[in-house]
Each structure stands twice: as structure tokens, then as C-alpha cells.
1. Would you please put 163-169, 136-142 in order of how densely packed they are, using the mean number of other Cβ atoms within 10 angstrom per residue and starting with the highest?
2. Could you give the C-alpha radius of gyration of the range 146-215 expressed as a fraction of 2.2 N^0.38 Å, taking N as the number of residues it contains?
3. Estimate the FRET efficiency between Gln152 and Arg53 by the formula 1/(1 + (r/R0)^6), using the beta-carbon distance for r and 41 Å for R0, to the nearest 0.05.
4. With runs of 4+ DSSP H residues as the only contributors, calculate the mean residue ellipticity of the chain at 222 nm using -39,500 (n - 2.57) per run, divided by the residue total and rounded to the nearest 500.
5. Tell me which trypsin sites (Lys or Arg not before Pro) from the range 59-94 have a DSSP coil assignment and no more than 12 other beta carbons within 10 Å of their own.
6. How much length would be gained if the chain were fully extended between Ile226 and Ala208, taking 0.36 nm per residue of separation minus their Cα-Cα distance, in nm to one decimal?
7. Determine, for each peptide in 101-110, 197-206, the mean count of other beta carbons within 10 angstrom over its residues, then list the peptides with the highest first.
8. Is the range 89-236 rounded, prolate or oblate when judged by the Cα gyration tensor, a ≥ b ≥ c being the square roots of its eigenvalues, rounded requiring a/c under 1.5 and prolate requiring a/b larger than b/c?
Amino acid sequence: MPPIIAPLKRGPWRYLSDRDVLHAAAVTLVAVLLSLGLVWVAYFVHVWRVAARSPLTVSGHRTVLVFGRRLVRDHPEADYEQRLGRALALMRSAQTEHVLLLGGRSGGTLSEAAAGRNWLARHELPAGIVLQLEQASVDSLENLRHARSLLQEDGPVMCVLPPVALVTSRYHLARCLLLARRLGFDSVPVAAEPRLVLNRRYVFRLLAESGYLMWIDLGVRWAGLIGHRRITTRLS
């Protein structure tokens, strides 16, 4: 796949030919216009608050889900290394015994999950850690949907899922929390970075994430209001 096309096959862009997604996008655009942008500001504040307030540890034992990120020459880039480092810290502090690395191939020969495993293998892991890979997904929703299938005790969706900690970059946490709770996870956020540092790059990330979150949340709320079961089913 040509490098210029590859990013369009991942994340929200891959859904732009999907009529349900375009329906949600149209509803979101109308909401933004009618509110003179205030609805986007509200989602931005929410994403910023989750980013700023999310902890670095968990209370009790939880299964840790580590979200992948696009690789650079089959190696984790800076954001992904921070996520892996946070998961490693949780392992070493005995806050988890089960870590699930999420992410399929993002243009190279390795999956994001496999690259994460290789990174962790170069560090000393505590004994008794169960390290599991989910290598079929290409975005956050698929990450969680496939993780749910892997974690179900006996297979059916009705089985109780273990409580999970979502480890990812601070800008990404609000969207992951929304999706995880929609899919039935008992989930808490764990931030990859030690603290929130606002610079131009990070403000852009927060703005983009608030747009994605608004798109998803308003679309689902609208679908529930008008009884559009196909859209609500896709996020459940």
C-alpha cells in the first residue's frame, strides 16, 4: 500500500464511504453549526479534563489493555513507547498479571502488538505475567471489540468480562473510555505520560480527539433518538 494512502485505511478515515458514519457526521456538523461551535468546545473541555486528571496507577488488580500506534520502520514511535513503558510500570508494581497488546499491521511487516511485545522483551518483565496479543484491528473500536472476544471466559458475549485498565496517551483516553463502556467493559483510564504538557502538537491532538468523540457520541445519541438500530448495534 502506498505510504500516502495507508493512513486513510486506518482510524476514522476508513469509514468515510460508510453511510452510517456519514449520517453521524452530518448530524454532528449540524450540531456544531447550530451551536456556533459551542458543542465542540464542550467536548474539547471533556477530553482535556480526562487527559489532565487520569491517573498513572490502578487500584486493585486489572487486566491491562495497551493501545498500539502506527509504527516507524516496524518499531514503536515515541507515544507508543510511553504506553508500553506505563504498562511495564504496572507490571513491576504488581498491579496486573495480564497484559493485552492491541493493534494490527500499520503499513510495515509487523503488527503494532508484535512490535510492542518485542519492545517489552528488551526489558526485564516480572515473572508470571501473561502477555497476549490482539493483531487483527486497525482502529480503537476494533481494538476493543477484538479484545472483548479474547477476554470472554467462555466465548459468548454475555460472559462477564474482567475489569480492565486502558493504557494509552492522555489525548486518546476519553475516546477509549467511551468506546470501552459502550462495549460493556468495566474500565478505568491510565495515562501513558507522567503529566499533561500542553504544546501546539498536543492541543491539536486534543482538538482532533474531541472531534472524533463528538462524532461518535452525537451519532449514537441521535441513532437512539430516532430508533436507528443499525448504528447503535455497531457500538455495542
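1. On the way: 163-169: 24.4, 136-142: 19.9.
Highest-to-lowest ranking by the protection proxy: 163-169, 136-142.
2. 1.30
3. Approximately 0.85, to the nearest 0.05.
4. Helix-only estimate at 222 nm: -15500 deg cm²/dmol.
5. Numbers: sites: Arg62, Arg69, Arg70, Arg73, Arg83, Arg86, Arg92; in loops: Arg62, Arg69, Arg70, Arg73.
Listed in order of number, the matching sites are Arg73.
6. That works out to 3.8 nm of additional length.
7. In descending order of packing, they fall as 101-110, 197-206.
8. oblate
The values are calculated or read from the model by the stated rules, or taken from the named source; none is laboratory data. Because the structure is predicted, anything quoted here is derived from the model rather than measured. Positions of Cβ are generated from backbone atoms using ideal geometry, with glycine treated the same way; all protein chains shown enter the neighbour counts. Keep in mind that these areas ignore ligands, DNA and RNA; they rest on the heavy atoms of the full protein, side chains included. Shrake-Rupley method; radii C 1.70, N 1.55, O 1.52, S 1.80 Å.
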